[in-house]
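Rule-based calculations on the coordinates, nothing more; no lab input. What you see is a predicted model, and the numbers here were worked out from it, not measured in a lab. We place every Cβ from the backbone using ideal geometry, glycine too, and count neighbours over all the protein chains shown.
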Amino acid sequence: MRPQARTRGEPSCPRRRLLFRSGIKIAVIGGGPAGLRAAEVAVAGGADVTLFDAKRSVGRKFLVAGRGGLNLTHSEPRDAFATRYGGPGTPDGFWPALLAGFDADALRAWAAGLGIETFVGTSGRVFPREFKAAPLLRRWVERLRGQGVRFAVRHRWIGLRPGAQWILEFEYEGGKSSFECDAVVLALGGGSWPETGSDGGWVALFRTLGVGVAPLVAANCGWEVDWPAGFVAAAEGHALKNVVVSAGGKTMAGELMVTRHGLEGGAIYQLGPELRAMTAPAISIDLKPTFTAAQLVARLGPLRGNFLAESRGRWRLGVAAHALLSHVAPSEAHASAAALAAAAKDFRVRLVRPRPIAEAISSAGGVRWDEIDAALMLRRLPGVFVAGEMIAWEAPTGGYLMQGCFATGTRAAESALRGAPPRNGGMP
Ligand SMILES: Cc1cc2nc3c(=O)[nH]c(=O)nc-3n(C[C@H](O)[C@H](O)[C@H](O)COP(=O)(O)OP(=O)(O)OC[C@H]3O[C@@H](n4cnc5c(N)ncnc54)[C@H](O)[C@@H]3O)c2cc1C
């Protein structure tokens, strides 16, 4: 994708540009899925749209998501779908209403409109048939350009001040530029994978603007464990398959991957909100969920010793599960078949901390819900709308993140098109 930098030498926009198309001039800042979608809706609604991004090209995290096959959305019914979203202070009924405006079927139809066929995998997740993000992004950006969206890359947003409506300020090639517009959609992303541009740098700027932001923290992330010597050598890179993991009253079935740092994988990612709320985060793993403890004991038969070695074959334990029982379980668990079975059914692992936010798939925290109205407009900055992961919602992996970004991008742009109320004077 060739970057365009059309705002060079454009200190503020000539007034005639304001009258282009519908007369509404909308700036979208952030070229992830939420911002690209907002630009698409805004231009389709007749606005004059410029999309700014700090990086040399847009959609970098979208491309990273493509490495895992690009799980675009999920096929579960909309009611259940809406329950996947959380975050402190989320207004009641927000997600069902939002998804009614742009749901998984709409997202699949949108992809089809770009010539990208999608399919539902065995887990109910929806992927592009090719499992790739690059062709989709390329066609999307080409289409946006064709529709008249201007791309201003390498423009880092650094502030805004009142003008006729708003004047945005950017850092651009070591200097500064400004851009006047009627409405702004900010889609600046969360704080994970900062090399993609989503570095959370906007949080400090929001604070100077008086907008409340909950600290960005790692979500959908691994957790560190203080593994005893020997365990990492035996189990690193091996999965705990078909386990059931519990924490804070919630239980998830799935898989965990053993790393030298701790544990990764869907089952622990989905427990993030519960684990973050615990003062001493810990999980309980049921290594053999389809058997009761009594059945496990029965499988060891009349053995009087050597339970541990025998459990590997008789319980069909994988490398990582057996290594857990061998190297991590307390010595009492090796005393009897019943004690070993009890450990296998309720294997406690104390977690030290989440892995760094830079490694996380997504972040929680962001613009607080009490700062936003139902149109996704910042209450303190009329005409400034927010979309995507920068809002304080979170969701598990499974396509819910992408769907949330598309749906909020849609809502923010539709709201921006309706026009901003007067600012009632200067900055708050
Ligand atoms: C490894 C990985 C795999 C993932 N896989 C999936 C998946 O399969 N399915 C799924 O649903 N989700 C997935 N996600 C999550 C998904 O990619 C994100 O939730 C989504 O990209 C967030 O979109 P966004 O538009 O809100 O922000 P982003 O995509 O983060 O985009 C934000 C943009 O804002 C720009 N920006 C930031 N600050 C400024 C500034 N001051 N000035 C100008 N521009 C700025 C950035 O350069 C960036 O381009 C994955 C994430 C990762 C890291």
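Quick notes on this one:
- Amide hydrogen neighbours beyond the local backbone of Ala282, cut-off 5 Å, H modeled: Leu351
- Val213 long-range amide H proximity, modeled H, under 5 Å: Arg368
- Pairwise FRET efficiency - Glu142 versus Ala112, Cβ, R0 = 22 Å, nearest 0.05: 0.85
- Cα lying deepest toward the dipole's positive end in the chain, options Leu376, Ser178, Ala247, charges on Cβ: Ser178
- 5 angstrom amide H check on Leu160, placed H, neighbours 5+ away: Glu169
- Residues Val49, Val386 in ascending order of nearby Cβ atoms (within 10 Å, fewest first): Val386, Val49.
- For the residue pairs Lys250/Lys345; Lys61/Lys250; Lys61/Lys176, the C-alpha atoms sit more than 19 angstrom apart in Lys61/Lys250; Lys61/Lys176.
- Only Lys, Arg (+1) and Asp, Glu (-1) charged, at Cβ; the stretch 118-184 dipole about Cα centre in debye: 400 debye
- Cβ crowding within 10 Å ranks Trp223, Trp166 as Trp166, Trp223, fewest other Cβ atoms first.
- The phi-based Karplus calculation (6.51 cos²θ - 1.76 cosθ + 1.60; θ = phi - 60°) puts the 3J(HN,Hα) values of the stretch 309-315 at 4, 5, 4, 3, x, 6, 9 Hz, whole numbers, x for Gly and Pro.
- The phi-based Karplus calculation (6.51 cos²θ - 1.76 cosθ + 1.60; θ = phi - 60°) puts the 3J(HN,Hα) values of the stretch 172-183 at 8, 6, x, x, 10, 9, 10, 8, 9, 8, 8, 8 Hz, whole numbers, x for Gly and Pro.
- For the stretch 223-354, fraction of C-alpha pairs farther apart than 26 Å, in %: 18 percent
- Cα Rg, Dmax, the chain, angstrom units: 24.8, 89
- Counted charge near Ser311, where neighbours are those whose Cβ lies closer than 11 Å (Asp, Glu -1; Lys, Arg +1): +4
- Distance from the stretch 292-354 to the stretch 213-272 (C-alpha centre basis), Å: 19 Å
- The chain, helix-only ellipticity at 222 nm - DSSP H runs n ≥ 4, -39,500 (n - 2.57), divided by all residues, nearest 500: -8000 deg cm²/dmol
- What the phi angles of the stretch 351-363 give under the Karplus curve with 6.51, -1.76 and 1.60, with θ = phi - 60°, is a coupling list of 9, 8, 6, x, 5, x, 4, 4, 8, 5, 6, 8, 10 Hz, glycine and proline written as x.
- Computed packing ranks the peptides 284-294, 363-373 as 363-373, 284-294, most packed first, by mean other Cβ atoms within 10 Å.
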